[in-house]
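Engineer: Here's a structure for you.
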Amino acid sequence: MSVTTQIADGVHRVADGLVNWYVVNDGDEIALYDAGWPRSWPRVVAALDELGRAPADVTAVVLTHAHPDHLGAAEHARKACGAEVFVHEPEVARAHGKARGSSPFTLVPGLLPTMWRPSATGFVLHATARGFMFPTWVQELTPFAADDVLDVPGRPTVVPTPGHTEGHVSFLLRDKGVVFTGDAIATLDVLTRERGPVVVPDELNVDPARTRASLAVLAKLPADTLLPGHGEPFLGEPSDAVGHALQADR
């Protein structure tokens with residue numbers, strides 16, 4: 001079974017259980033956009049092998065945010081490949097595991113009321129098996145600022161979309177019409193398994209009101225493909241995806 005799916009020229013999706021991360025190649029260099037689960041390194045190697053590349057080709061890991069299912073194998077990539085790990089300035093302490101609320105155990109009280117759903121219990125078990133509760137924090141980071149254009153494969157423009165975490169960002173690849181949305185919006189609700197554009201469940205958001213406010217930012221982006229951290233790609237106008245998510249949120 002194939003590990004990667006090509007989304008656009010040089011852009012590949014890796015569906016890693018209930019989480020997506022992405023591989024962007026630019027000539028000889030590779031960037032990972034998010035890095036899956038703490039135990040995702042073998043899948044990173046498998047994806048690179050399928051693309052005819054090697055771990056040594058990974059020069060950058062670019063993080064939408066520092067939850068363990070996105071931070072994932074970033075530290076392993078830094079050590080094994082010498083990759084530079086990029087994170088938004090307000091997210092640095094979380095990526096180091098030093099921010100208040102960075103421990104995944106802080107999510108447990110909010111999740112407990114949802115556990116009557118088999119799908120929510122299934123997500124927790126799925127995440128735990130992949131190392132979610134025991135992240136490998138990144139020891140060395142390169143911070144970036146809002147609206148920066150990063151000098152990494154894909155040349156992404158940083159789009160602040162806070163709410164899911166304090167420093168959450170999305171990444172716009174202008175020349176490809178692609179937006180990596182992280183958890184600013186999803187096309188799969190991991191707690192209910194609802195499909196289609198949805199707001200990430202409030203139980204997983206630091207600031208639910210800011211999460212919804214950030215959708216207005218996504219809606220205005222010049223793109224025709226949204227690549228979320230959870231669920232299938234959305235092909236169409238970002239404003240349509242946001243509209244669907246807000247409709248489902250009522």
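Engineer: Taking the stretch 124-167 as the search range and keeping residues that are among the β-branched types (Val, Ile, Thr) and assigned to a loop (DSSP other than H, G, I, E, B), which one is farthest from VAL206 (Cα to Cα)?
Structural biologist: Among those residues, the one meeting the criterion is VAL152.
Engineer: Give the stretch 144-181 a look and list any residue that's loosely packed, with under 15 Cβ neighbours inside 10 Å and not small (Gly, Ala, Ser), or say none.
Structural biologist: Matches in the stretch 144-181: ASP147, VAL149, ASP151, ASP175.
Engineer: May I pose another question? Would you confirm, using the coordinates I've provided, whether VAL124 is open to solvent by 20 Å² or more (accessible area, probe 1.4 Å) and under 16 Å from the mean Cα position of the chain (by Cα)? I'd like the intermediate steps shown before the answer.
Structural biologist: On the way: open to solvent by 20 Å² or more (accessible area, probe 1.4 Å): yes; under 16 Å from the mean Cα position of the chain (by Cα): no.
No.
Engineer: Can you tell me how many residues within the stretch 168-206 are outside any loop (DSSP other than H, G, I, E, B), of a type in the set (Val, Ile, Thr), out of contact with any Lys or Arg (no Cβ under 7 Å at 6 or more places or on another chain) and more than 14 Å from LEU63 (Cα to Cα)? Outline the logic, then answer.
Structural biologist: Step one: list which residues in the stretch 168-206 are outside any loop (DSSP other than H, G, I, E, B), which gives 169-173, 178-182, 186-188, 195-198, 202-204.
Narrowing the set further to residues that are of a type in the set (Val, Ile, Thr) leaves 169, 178-179, 181, 187, 198.
Those left that are additionally out of contact with any Lys or Arg (no Cβ under 7 Å at 6 or more places or on another chain): 169, 178-179, 181, 198.
After this cut, where a residue has to be more than 14 Å from LEU63 (Cα to Cα) as well, the list is 178, 198.
Residues that pass the stated criteria total 2.
Engineer: Further question on the same structure: Is one or more of the residues making up the stretch 63-82 open to solvent by 20 Å² or more (accessible area, probe 1.4 Å) and either among the aromatic types (Phe, Trp, Tyr) or within 27 Å of GLY236 (Cβ to Cβ) (or both)? Walk me through how you get there before you give the answer.
Structural biologist: Going through the stretch 63-82, the residues open to solvent by 20 Å² or more (accessible area, probe 1.4 Å) turn out to be 76, 78-82.
Within this subset, residues satisfying the condition of being either among the aromatic types (Phe, Trp, Tyr) or within 27 Å of GLY236 (Cβ to Cβ) (or both) are none.
No, there is no match, as no residue in the stretch 63-82 is open to solvent by 20 Å² or more (accessible area, probe 1.4 Å) and either among the aromatic types (Phe, Trp, Tyr) or within 27 Å of GLY236 (Cβ to Cβ) (or both).
Engineer: Pairs, please: C-beta under 6 Å, at least 6 apart or cross-chain, first residue of a type in the set (Asp, Glu) and in the stretch 7-21, second open to solvent by 20 Å² or more (accessible area, probe 1.4 Å)?
Structural biologist: ASP16/ARG43
Engineer: What residue, of VAL44, VAL61, is assigned to a strand (DSSP E or B) and touching a strand residue (DSSP E or B) at 6+ places or on another chain (Cβ under 8 Å)? Break it down stepwise before answering.
Structural biologist: On the way: VAL44 fails: assigned to a strand (DSSP E or B).
Testing whether each residue is assigned to a strand (DSSP E or B) and touching a strand residue (DSSP E or B) at 6+ places or on another chain (Cβ under 8 Å) leaves just VAL61.
Engineer: Additional query: What's the total number of residues in the stretch 216-235 that are open to solvent by less than 30 Å² (accessible area, probe 1.4 Å) and among the aromatic types (Phe, Trp, Tyr)?
Structural biologist: 0
Engineer: Please tell me if ALA184 is open to solvent by 60 Å² or more (accessible area, probe 1.4 Å), under 20 Å from HIS88 (Cα atoms) and among the hydrophobic types (A, V, I, L, M, F, W, C).
Structural biologist: Working: open to solvent by 60 Å² or more (accessible area, probe 1.4 Å): no; under 20 Å from HIS88 (Cα atoms): yes; among the hydrophobic types (A, V, I, L, M, F, W, C): yes.
Criteria not met by ALA184.
Engineer: If a residue must be in a helix (DSSP H, G or I) and touching a residue at least 40 places away in the same chain (Cβ under 8 Å), how many such residues does the stretch 84-112 contain?
Structural biologist: Restricting attention to the stretch 84-112, the residues satisfying the condition of being in a helix (DSSP H, G or I) are 89-95, 104-112.
From what's left, touching a residue at least 40 places away in the same chain (Cβ under 8 Å): 89-92, 94-95, 107, 110-111.
Looking only at that region, the number is 9.
The values are calculated or read from the model by the stated rules, or taken from the named source; none is laboratory data. Quantities reported herein were computed from a predicted structural model and do not represent experimental measurements. Note: ideal-geometry Cβ built from the backbone for every residue, glycine included; neighbour counts use all protein chains shown. Protein only, heavy atoms only, side chains kept; ligands, DNA and RNA dropped before computing areas. Shrake-Rupley method; radii C 1.70, N 1.55, O 1.52, S 1.80 Å.
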